[in-house]
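Notes follow once the structure below has been shown.
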Amino acid sequence: MLRVLIVEDERPISELIRMSLTGAGYQCACVYDGLAAADILEQETFDLILLDVMLPGIDGYEVCRTLRAKGYAAGVIMLTARTQEADKVTGLMTGADDYVTKPFSVVELVARVDALFRRVSGNPFARSEEHTSELQ
């Protein structure tokens, strides 16, 4: 099962994302600030990180920049209320694979997570055999 780390300081948003991704077949863990994200990423491996930009402790840009500097290859999707082009470019330049602005559709977010996994794995049904059989 693919593992997703949700780094979002707004707990209701974090829980909504967790429930949606769990329902889509992902295993999720949640942390609520940049320091906790840095700590858990030192100890555990995740396939994808959903990373808010404006976090207590260390901001999402710095978390992403540090991950990439250490060679962490997991997919990263930034989640943020920052909608300016410069913010999006900064997120992508620090190593994010995608950038989703708030408010967002949870259905679209799950589709973006699925798409990132397909792109990385080269398999259109990358999540599991279980999900592949559901489509037949």
* Structure fact -> Placing +1 on each Lys and Arg Cβ and -1 on each Asp and Glu Cβ in the chain, then taking the dipole about the Cα centre, the residue among Ala69, Tyr26, Ile13 whose Cα reaches farthest towards the positive end is Ala69
* Roughly how many debye, to the nearest 20, is the charge dipole of the chain about its Cα centre, given +1 on each Lys and Arg Cβ, -1 on each Asp and Glu Cβ, and no other charges? -> 300 debye
* Over 27 Å, how big is the tail of the calculated P(r) for the chain, in percent of all Cα pairs? => 14 percent
* Asked: Quick one: with all protein chains in place, what share of the accessible area of the range 1-80 is carbon or sulfur, to the nearest percent (1.4 Å probe)?
  -> 54 percent
* Put a dot 7 Å past each Cα toward the Cβ at Glu62 and Thr22; how far apart are the dots in nm? -> 3.1 nm
* Structure fact -> The answer for the chain, accessible area per residue at 1.4 Å probe in Å², is 53 Å²
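The values are calculated or read from the model by the stated rules, or taken from the named source; none is laboratory data. Here the structure is a predicted model, which is why all the values come from computation and not from measurement. Positions of Cβ are generated from backbone atoms using ideal geometry, with glycine treated the same way; all protein chains shown enter the neighbour counts. Surface areas here come from the heavy atoms of the whole protein model, side chains and all, with no ligands, DNA or RNA. Shrake-Rupley method; radii C 1.70, N 1.55, O 1.52, S 1.80 Å.
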